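This report concerns only the one structure given below.
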Amino acid sequence: MNEKPEKLIDKKGIRLDGRKADELRPVKLEVGVLANADGSAYIEHGKNKILAGVFGPREMHPKHLSLPDRMVIRCRYHMAPFSVQERKSPAPSRREVELSKVIRESLEPSVFLELYPRTGIDVFIEVLQADGGTRCASITAASLAIADAGIPMRDLVVACAAGKIDDTVVLDLFDAEDKLGAADVPLAIMPNLNAVTLLQMDGILTPEEFETAVNMATEGCKKIYALQKEALKTKYMITKEEAEEE
Amino acid sequence: MKVMPTFFEKKQLVTPGELLAEGDYTAGENTYLEEKKVYAARVGLADVDNKKVNVVALRAFYIPKMGDIVIGTITEVGFNGWSVDIKAPYTALLRASDVLSRPFKPQNDELSQVLNAGDLIVAKIASYDRAHDPQLTVGEPGLGKITRGQLMRVTPTKIPRVIGRKGSMISMIKQETSCQIILGLNGVILVTGKTPEDEELAMTAIRKIEEESHTSGLTDRITQLLKEEKTKREENKVE
């Protein structure tokens, strides 16, 4: 992967990792993986491996950060030193600070913050292995973790990116496509409410391409949403089945 | 009259954001209404009762309510009262005058000798609203410092299941294990029995209820479990 390949997508429309233009990477979701957190989730999105843990709602410390009329969400997106090819310093980088804010803001509209004033929840996101599109995978996992913590929500938040490689608009870029491609459009939505909570664009797209990308990402989100719902239900179905077997 | 649709079967497992009903319905517990549509707000089991859509949450946290009995830990001894951790997003306050049942004089009374950090209490929520932390009271029979027994925690939403219909479950456990059980609505349970084994038995039963709270025919299975465990113990004693 050190040399730049001539083409990111061949004449037949097959990408470097063998996917078609509108194909997602395989996604695996699991809920309730951490015993000490109030809610947790784990996502494998292609080669991305990300853990999300949620604590709270609890009293804010330091107290002056709490708000008199609503709950506060604090979010920490962090990449493990071993998550990328070249060791990453464990200190939060400029990029991680920004992503923490972006993820927090994409989760905030989904939670009923006004129900629990003067409290706060902490969302910790740990990227164990990164391969492009970690912000989207992080949002998907973090939203599941919040639901697992039993915090009332308007909807789950699910995210997926689309982008442009060579001259084609494609779904769900992985690392090489992200770095060598022409544009990247991460999108987070609340699928039942038909609302967008995050929309970014890195690169240049024509208005038509942008629209195709957003539509493609929306479709991708809906596919992941189905998995998200299933993961959440599975956790409780297991105990139900066990009980019925007896 | 046109029949308005609901989009779930009775006791179906639903996730936040799932559309539950449309039209002439109101939002009950753990649901919300938007543009005449009712959505779920928590993971739980959906049910409709008289046009009111409810979700029985499988995972939630405790929010104080006036009149609730809770079990808490003293975290701090203050100038005229104590801070109490009641496993809620808010720290509760217990005033010294409430415990001493007479006017409190700082020069005469040493608060840490009455209740110290780490002590456990059974208390009632005296007041609580959005703007103020909950206040506790122990001025009623059955409330006050806990001196013996074992504590366990369950998800607060499962307390009603431990109580059972009209208290059937809890009275059955009490009878079978001859333990005293105090249920804190904040999800903390105090089990006091004659022997640690009795307590252990009651706790096993409660833990099973928590795990299988969303299944039917639970009371019968718990009764059976307790009977089995008891015979097992009898056998061990004989050996």
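The table below lists the values:
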| item | result |
| --- | --- |
| B:Ile71 being within 20 Å of the chain's Cα centre (by Cα) and surrounded by 20 or more Cβ atoms within 10 Å (Cβ to Cβ) | yes |
| Residue under evaluation A:Ser89, criteria (1) surrounded by 14 or more Cβ atoms within 10 Å (Cβ to Cβ); (2) away from chain B (no Cβ under 14 Å), criterion not met | (1) |
| Residues of the stretch B:78-113 that turn out to be open to solvent by less than 50 Å² (accessible area, probe 1.4 Å) and touching a helix residue (DSSP H, G or I) at 6+ places or on another chain (Cβ under 8 Å), as a count | 9 |
| Yes/no for A:Gly53 being away from chain B (no Cβ under 14 Å), buried (at least 18 other Cβ atoms within 10 Å of the Cβ) and farther than 30 Å from B:Leu93 by Cα | no |
| Cβ pairs under 9 Å, 6+ apart, first in the stretch A:144-157 and over 11 Å from B:Arg42 (Cβ atoms) and in contact (Cβ under 8 Å) with a residue 60 or more places away in the chain, second polar (S, T, N, Q) and part of a helix (DSSP H, G or I) | A:Leu144/A:Gln228; A:Leu156/A:Ser110; A:Leu156/A:Thr140; A:Leu156/A:Ser143; A:Leu156/A:Gln228 |
| Residue in the stretch A:123-131 that is closer than 20 Å to A:Leu8 by Cα, surrounded by fewer than 24 Cβ atoms within 10 Å (Cβ to Cβ) and not polar (S, T, N, Q) present | yes |
| Lone unmet requirement of (1) open to solvent by less than 10 Å² (accessible area, probe 1.4 Å); (2) within 29 Å of A:Asp69 (Cβ to Cβ); (3) not basic (Lys, Arg) for B:Ala126 | (1) |
| Residue list for the stretch B:147-183, filter: over 16 Å from B:Ile209 (Cα atoms) and part of a loop (DSSP other than H, G, I, E, B) | B:Thr147, B:Arg148, B:Gly149, B:Ser178, B:Cys179 |
| The stretch A:218-234 residues that are more than 18 Å from A:Ala162 (Cβ to Cβ), paired with ones that are part of a helix (DSSP H, G or I) (beta carbon under 8 Å, 6 or more apart) | A:Gln228/A:Thr140; A:Gln228/A:Ser143; A:Gln228/A:Leu144; A:Ala231/A:Leu144; A:Leu232/A:Leu144; A:Leu232/A:Ala147; A:Leu232/A:Asp148 |
| Selection count, the stretch A:56-80, where residues are within 11 Å of chain B (Cβ to nearest Cβ) and open to solvent by less than 60 Å² (accessible area, probe 1.4 Å) | 6 |
| Given (1) open to solvent by 30 Å² or more (accessible area, probe 1.4 Å); (2) assigned to a loop (DSSP other than H, G, I, E, B); (3) closer than 20 Å to A:Ala176 by Cβ, number of the condition A:Ser83 does not satisfy | (1) |
| Unique residue being of a type outside the set (A, V, I, L, M, F, W, C), within 14 Å of chain A (Cβ to nearest Cβ) and at negative phi when the list is B:Thr147, B:Thr155 | B:Thr155 |
| Test result for B:Lys166, among the charged types (D, E, K, R), within 25 Å of B:Arg95 (Cβ to Cβ) and more than 11 Å from the chain's Cα centre (by Cα) | no |
| Those residues of the stretch A:128-154 which are within 11 Å of another protein chain (Cβ to nearest Cβ) and not in a loop (DSSP other than H, G, I, E, B), in sequence order | A:Ser143, A:Leu144, A:Ile146, A:Ala147, A:Asp148, A:Met153 |
| Some residue of the stretch A:17-27 being β-branched (Val, Ile, Thr) and either touching a Phe, Trp or Tyr at 6+ places or on another chain (Cβ under 9 Å) or open to solvent by less than 20 Å² (accessible area, probe 1.4 Å) (or both) | no |
| Some residue of the stretch B:106-127 being hydroxyl-bearing (Ser, Thr, Tyr) and within 14 Å of chain A (Cβ to nearest Cβ) | no |
| Filter result for B:Glu228 (within 14 Å of chain A (Cβ to nearest Cβ), surrounded by fewer than 20 Cβ atoms within 10 Å (Cβ to Cβ) and in contact with a Ser or Thr (Cβ under 7 Å, 6 or more places away or on another chain)) | no |
| So A:Ile139, is it of a type in the set (A, V, I, L, M) and closer than 25 Å to B:Asn30 by Cα | yes |
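Here is a yes/no grid of residues against (1) among the acidic types (Asp, Glu); (2) touching a Gly at 6+ places or on another chain (Cβ under 8 Å); (3) away from every other protein chain (no Cβ under 11 Å):
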position: B:Thr6; (1), (2), (3): no, no, yes
position: B:Lys11; (1), (2), (3): no, no, no
position: B:Glu18; (1), (2), (3): yes, no, no
position: B:Ala40; (1), (2), (3): no, yes, no
position: B:Leu45; (1), (2), (3): no, no, no
position: B:Ala60; (1), (2), (3): no, yes, no
position: B:Asn80; (1), (2), (3): no, no, yes
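Table: residues versus (1) of a type outside the set (A, V, I, L, M, F, W, C); (2) more than 21 Å from B:Asp220 (Cα to Cα).
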| residue | (1), (2) |
| --- | --- |
| B:Gly139 | yes, yes |
| B:Gly144 | yes, yes |
| B:Gly149 | yes, yes |
| B:Ser171 | yes, no |
| B:Thr177 | yes, no |
| B:Ile181 | no, no |
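The values are calculated or read from the model by the stated rules, or taken from the named source; none is laboratory data. Quick caveat, the model's predicted, so the values are computed rather than measured. Note: ideal-geometry Cβ built from the backbone for every residue, glycine included; neighbour counts use all protein chains shown. Note: areas computed on protein heavy atoms with side chains; ligands, DNA, RNA excluded. Shrake-Rupley method; radii C 1.70, N 1.55, O 1.52, S 1.80 Å.
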